[in-house]
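The values are calculated or read from the model by the stated rules, or taken from the named source; none is laboratory data. This structure is a prediction, so every number in the text was calculated from the model and none was measured. Don't worry about glycine lacking a Cβ; one is built from the backbone with ideal geometry, like all the others, and counts go over all protein chains shown. Side chains are part of the model used for accessible areas, which takes the heavy atoms of the whole protein and leaves out ligands, DNA and RNA. Shrake-Rupley method; radii C 1.70, N 1.55, O 1.52, S 1.80 Å.
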Amino acid sequence: MARTSIITGAGSGIGLATAKALHAAGDAIVGIGRSADKLVGLAEALGTEERLATLALDITDADAPHAIVDFALERFGCIDTLVNNAGLGSPTPLHETDDATLDLFLDVMLRAPFRLCREAIAHMGEGGCVVNVTSTFAMIGGKRGGPYSAAKGGLRSLTEHMAVEYGPRGIRSNCVAPGVTMTDMVRHRFEDETFKRVNVETTPYPRLAEAEDLANVIAFLCSPGGEMINGQSIVVDGGWTRTK
């Protein structure tokens, strides 16, 4: 029987690439996103309805975790993998961040993954896998990180706790920490020459990451080959953090 993978933010960027990679590996995909139109694009990209179910909702809604898990179980009968990928970009430094912005970033990138992990992990057995998409800003200090850094750093610590707490049940939890990745959320920022210089000129590898680079790492962590990797943060940034 196919493994079942829940992926948030599955309609575009890293989430879409991850859905493609795990689907190619034989998984049934439960794609979650706010935009129904983007989820239609996911279905078109995978070209199948047999191992795909999509659900459009806001992951910060009070009943979202329950709705997602019930939907996955009703459609495929099990939950094997959870990839918390949904996120926000363009943060502000601490002194420019108002409470509404702080709450939004924490809700989307810490509270929502926390609640979905809590709901999903109760239905996982041995061989279960959680991958939380964090950031290089969870690994080192970053200018203008503000609420983004706070949320991603918290998610990293949560993942490490889960690795210790649920590892004895055969459930592994890891982070994948992207550097600047060429997705629609980021691409427009290269119009800013300072942003471009800070990220391109300080990356030792001769290109920046694409969404597929992250998806390949996530797929490996979820595969039998990643069985002994637990409680780790795998940085995918071409060496950017080392120049810092």
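The phi torsions of segment 21-37, fed into the Karplus equation with coefficients 6.51, -1.76 and 1.60 and a -60° offset, translate into couplings of 5, 6, 5, 5, 7, x, 6, 7, 10, 10, x, 10, x, 6, 9, 4, 4 Hz, rounded to whole numbers, with Gly and Pro shown as x.
The amide H of residue 234, built 1.01 Å from its N in the peptide plane, has 175, 176, 177 as neighbours under 5 Å, considering only residues 5 or more places off or on other chains. A simple rule links phi to the HN-Hα coupling: the Karplus curve 6.51 cos²θ - 1.76 cosθ + 1.60 with θ = phi - 60°, which for segment 236-244 gives 10, 9, x, x, 4, 5, 6, 7, 7 Hz, with x for Gly and Pro.
Once the piece of chain linking residue 1 and residue 182 is laid out straight, how much longer is it, given 0.36 nm per residue of separation minus the C-alpha distance between them?
Numbers: separation 181, 0.36 × 181 = 65.16 nm, distance 3.45 nm.
My answer for the length gained is 61.7 nm.
A 1.4 Å probe run over the chain, with the rest of the protein chains in place, finds 48 Å² accessible per residue.
Given axes a ≥ b ≥ c from the Cα gyration tensor, I'd like to know whether segment 17-86 is rounded (a/c under 1.5), prolate (a/b larger than b/c) or oblate.
Working: a/c = 1.69, a/b = 1.25, b/c = 1.35.
Here segment 17-86 falls in the oblate category.
Lysine pair count for the chain (Cα-Cα distance under 16 Å; residues 8 or more apart in sequence or on different chains): 5.
Pulled fully out, how much extra length does the chain show between residue 157 and residue 205, if you take 0.36 nm times their separation in residues and subtract their Cα-Cα distance? Walk me through the numbers before you get to the answer.
Numbers: separation 48, 0.36 × 48 = 17.28 nm, distance 2.81 nm.
Full-extension gain reported as 14.5 nm.
The H on the amide N of residue 54, modeled in the peptide plane, is under 5 Å from the matching H of 31, each at least 5 residues off or on a different chain. Computed over protein heavy atoms with a 1.4 Å probe, the carbon and sulfur contribution to the accessible area of the chain reaches 52%. Hey, what angle do you get for helix 112-121 against the long axis of the chain, alpha-carbon based, 0 to 90 degrees rounded to 10? It is inclined by approximately 30 degrees. Counted residue by residue at 0.36 nm each, then reduced by the alpha carbon distance between them, the extension gain from residue 49 to residue 165 reaches 38.2 nm. The loop-placed GluC sites (Glu not before Pro) in segment 95-150, going by DSSP, that have at most 16 neighbouring Cβ atoms within 10 Å of their Cβ come out as 126.
Along segment 70-80 the Karplus relation, 6.51 cos²θ - 1.76 cosθ + 1.60 evaluated at θ = phi - 60°, assigns HN-Hα couplings of 4, 4, 5, 5, 5, 7, 10, x, 7, 9, 10 Hz to successive residues, with x for each Gly and Pro.
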